[in-house]
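The values are calculated or read from the model by the stated rules, or taken from the named source; none is laboratory data. Everything numeric in this text was worked out from a predicted model, so none of it was measured. Using ideal geometry, Cβ is built from the backbone for each residue, glycine included, and neighbour counts are taken over all protein chains shown.
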Amino acid sequence: MSTILKVNDLTAHYGSINALKGVSLEVEKGEIVTVIGANGAGKSTLLKCIVGVMNKSSGTVEFEGNDITRTGSDKIVRMGIAMVPEGRQIFSELSVLENLKMGAYTRSKKEDLTPDYDLVFGIFPKLKERAHQKGGNLSGGEQQMLAVSRALMSRPKLLLIDELSMGLAPVLVESLFDALMDINRKGTTIVLVEQDANMALKFSNRAYVIETGIVAFSGKSADLLEDDRVREIYLGG
Amino acid sequence: MNIFLQCVINGVALGAVYTIMALSYTILFGTLRIANFAQGDIYMIGMLLGFTFYVTASMNFFVGLILAIIITVLVLLIIDRLIYRPILRTSSMYLFIATIGMATFLRNASQLVFGSESYSFPHLLGSKPLQITEEISIVPQNLIIIGVCIVLVIVLFLFMRKTKTGLAMSAVSMNPFAAALMGVNYSKITTITYAISAAMASIAGVFTAPMYNVNTTVGASLGLKALIAAVMGGFGNSVGAIVGGMILGLVEALGSTYISSAYKDAFAFILLLIILFLRPQGILGRKRITKV
């Protein structure tokens, strides 16, 4: 196994508020790693820093051995990191197909996107039915499917997902997680930020627990599910 | 009836100018949320450059037109890089004020370059009106302006719908954060948007030059009225800019004939007030719902 992502002692600020106070984590190729923690612990900030849409105060980020700490998000996406943002952030006036086309923005104009459409429509058949509808007219669950599919269109090696389950019915969340397993089996490494710790731990290999901007502890997901500290705070005892 | 039809023809020609300029405002506002109050003076610079190349330097019209477009685009891109972008990093309100200041600066700086007299720009196909019927006619230049407007609208819409960059501009306008996550380079999109906006304004400037006294103040009132057209239609909405531009042109032409030409410039403002009172988001604008 080789390391695909290495975050070293990362700090970040929103104005004078210190959102990350020195986070380090490593992700191996092919893994599903989850980052759990309470609201405002810095999980989303961490993902934004990795993909380059937020300024880091100190520390480093390495992707496949390359330092991307100061690299712009447009280049980072091109290198192979994609992110599914919190709240889905669909382009509401664009159709489902156009949203997917935007997902493939970094790919060459000459490339045929048909295999990619087939791939995402295979994972989420519902999207195919809605291909020509506006993104804003989809249901919350469909929008989340679209957000995941859109991120896949850049053929990422590393997929960052911010709050997959937020605001969705449990049945739907379950099937979305199944889809993620499928995507992971096809070779994409996944880092998943979640408030639904139970679900996230069940579906991941390893986990980091973040509390107020630092990694409180980490370990195998299966072990954390049994860990008293995790059970007490995040799994409701 | 003949008078009415004549007014409509004149109004459409006037509306075509407002439409092009309203589009040049709205593409900037729609994509980047920037209202550039100096847009009328960008139009003026395009017009005076066109005059300089075509009349003063007696160049071929199309060579002069292309040179005028290129230089006008460069002017706006330099303004963006040196002034607008650094200011935008502090606050969008400061940028708003800065664009008003820029309008005055450009007007005065242009006087240094082009002088303060008024010039006249020859009609491209002669100034003899073409008779449609015995009592209805159209000046060839107006026909050209309407044609240019139609071509620009088609090219702009094809660009926005059919090209990757156009799609990215729409994406940025809807959700800049998500667009960045797709790998869109915001700075590059900003540059392209300013370039399109300046190109449209300069094209309008050169083609309408024969209809106006060519001088450095020509952009001020036209720029303001085109802004009104864009806001009436729904600021940031391209179809709205066309609707707003045409309505404004028609109302001005009909109003100055049937009511009084003394109030010609007032119609735009009265219309704006009425429309914003009835529909604050503009004719085709969407209500902005602010999430709490």
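Some values worked out for this structure:
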| read-out | value |
| --- | --- |
| In the stretch A:80-93, residue nearest to residue B:160 (Cα to Cα) [restricted to those that are in a loop (DSSP other than H, G, I, E, B), more than 7 Å from chain B (Cβ to nearest Cβ) and touching a helix residue (DSSP H, G or I) at 6+ places or on another chain (Cβ under 6 Å)] | A:90 |
| Scan of the stretch B:208-222 for residues that are touching a helix residue (DSSP H, G or I) at 6+ places or on another chain (Cβ under 6 Å) and either within 15 Å of residue B:34 (Cα to Cα) or β-branched (Val, Ile, Thr) (or both), ordered by number | B:208, B:214, B:216, B:218 |
| Residues of the stretch A:52-62 that turn out to be on the phi < 0 side of the Ramachandran plot and surrounded by 23 or more Cβ atoms within 10 Å (Cβ to Cβ), as a count | 1 |
| Complete set of residues in the stretch A:97-109 that are over 30 Å from residue B:285 (Cα atoms), more than 7 Å from every other protein chain (Cβ to nearest Cβ) and buried (at least 17 other Cβ atoms within 10 Å of the Cβ) | A:107 |
| Residue in the stretch B:246-253 that is crowded, with 22+ Cβ neighbours inside 10 Å, more than 14 Å from chain A (Cβ to nearest Cβ) and of a type in the set (D, E, K, R) present | yes |
| Search result, residues across the stretch B:167-198 that are among the hydroxyl-bearing types (Ser, Thr, Tyr) and within 10 Å of another protein chain (Cβ to nearest Cβ) | B:170, B:173, B:186, B:187 |
| Qualifying positions in the stretch A:42-70 - in a loop (DSSP other than H, G, I, E, B), more than 7 Å from chain B (Cβ to nearest Cβ) and under 16 Å from the mean Cα position of the chain (by Cα) | A:42, A:52, A:54 |
| Which numbered condition residue B:233 misses (of (1) surrounded by fewer than 21 Cβ atoms within 10 Å (Cβ to Cβ); (2) more than 13 Å from the chain's Cα centre (by Cα); (3) within 18 Å of residue B:15 (Cβ to Cβ)) | (1) |
| Sole exception among (1) among the small types (Gly, Ala, Ser); (2) surrounded by fewer than 23 Cβ atoms within 10 Å (Cβ to Cβ); (3) touching a residue at least 60 places away in the same chain (Cβ under 8 Å) for residue A:37, by number | (2) |
| Segments classed as helices (runs of 4 or more DSSP H), wholly inside the stretch A:135-237, with at least 3 members that are at pLDDT 90 or above and under 17 Å from the mean Cα position of the chain (by Cα) | A:140-152, A:170-185, A:197-202 |
| Test: residue in the stretch B:57-70 that is among the polar types (S, T, N, Q) and crowded, with 24+ Cβ neighbours inside 10 Å | no |
| The stretch B:148-166, residues that are within 10 Å of chain A (Cβ to nearest Cβ) and over 22 Å from the mean Cα position of the chain (by Cα) | B:163, B:164 |
| Some residue of the stretch A:71-79 being within 11 Å of chain B (Cβ to nearest Cβ), free of Cβ contacts under 8 Å to residues at least 60 places away in the same chain, touching a Leu at 6+ places or on another chain (Cβ under 8 Å) and crowded, with 23+ Cβ neighbours inside 10 Å | yes |
| Single condition residue A:115 does not satisfy, out of (1) part of a helix (DSSP H, G or I); (2) without any contact (Cβ under 8 Å) to a residue 60 or more places away in the chain; (3) within 12 Å of chain B (Cβ to nearest Cβ) | (3) |
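Here's the yes/no breakdown for (1) away from chain B (no Cβ under 14 Å); (2) more than 27 Å from residue A:34 (Cα to Cα):
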position	(1), (2)
A:95	no, yes
A:111	no, yes
A:122	yes, no
A:129	yes, yes
A:135	no, yes
A:161	no, no
